[in-house]
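K.L.:
Quick one: the structure is below, and I'll ask about it shortly.
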Amino acid sequence: MTRQRQKPSFPGGGDGNNCAEPASTTRTMHVRESDVADGNAIPTNLDWTRAAPEGAEGDGPWIEIAFGDGDLVYLRETSDPANVVTTTRKKWDAFVLGVQAGEFDHFVEGV
């Protein structure tokens, strides 16, 4: 199964090749932090918030986001809460600008 990847074009999206980047397969969407190694310690006291379109209902799965100490941002999917992506606020903000600009719309076209 081929996986597409794309990095946001907005400033702060990453230093060189490092950024928060989406990827997709035929049926799923993934987000990863390209320069954070697996196995980072995740704080247990995070306040997770569901990130879903306004008016979205049901069990999901949904993406949840939490802002940690310093400038760290954590993302997880409700169906797999142990799999957490860690990135920085600067990279997250660049990623969100890319989403708002429609840079990643082609990942979900026809789904």
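The values are calculated or read from the model by the stated rules, or taken from the named source; none is laboratory data. Everything quoted here is computed from the prediction, not taken from an experiment. Positions of Cβ are generated from backbone atoms using ideal geometry, with glycine treated the same way; all protein chains shown enter the neighbour counts.
K.L.:
Which ones in segment 24-35 are modelled with pLDDT of 55 or more and of a type in the set (A, V, I, L, M, F, W, C)?
P.N.:
Answer for segment 24-35, where residues must be modelled with pLDDT of 55 or more and of a type in the set (A, V, I, L, M, F, W, C): just V31.
K.L.:
Residues to consider are D71, D80; find the one that is exposed (fewer than 10 other Cβ atoms within 10 Å of the Cβ) and either acidic (D, E) or in contact with a Phe, Trp or Tyr (Cβ under 8 Å, 6 or more places away or on another chain) (or both).
P.N.:
One residue alone meets the criteria, D80.
Matching residues to (1) in contact with a Gly (Cβ under 6 Å, 6 or more places away or on another chain); (2) in a helix (DSSP H, G or I); (3) not small (G, A, S):
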site: E64; (1), (2), (3): no, no, yes
site: G70; (1), (2), (3): no, no, no
site: V73; (1), (2), (3): no, no, yes
site: N83; (1), (2), (3): no, no, yes
site: T87; (1), (2), (3): no, no, yes
site: W92; (1), (2), (3): no, yes, yes
site: L97; (1), (2), (3): no, yes, yes
site: H106; (1), (2), (3): no, yes, yes
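K.L.:
Go through segment 47-62 and give me each residue that's closer than 20 Å to V96 by Cα, at pLDDT below 85 and surrounded by 10 or more Cβ atoms within 10 Å (Cβ to Cβ).
P.N.:
A51, A52, A56, P61
K.L.:
May I ask you to list pairs of residues, at least six apart or on different chains, whose Cβ atoms are under 9 Å apart, with the first in segment 34-52 being part of a loop (DSSP other than H, G, I, E, B) and the second being aromatic (F, W, Y) and modelled with pLDDT of 80 or more?
P.N.:
The qualifying pairs are I42/Y74; P43/Y74; L46/F67; L46/Y74; D47/F67; W48/Y74; A52/W62.
K.L.:
Looking at the structure I just gave you, is T44 modelled with pLDDT of 55 or more and either of a type in the set (K, R) or touching a Leu at 6+ places or on another chain (Cβ under 7 Å) (or both)?
P.N.:
No.
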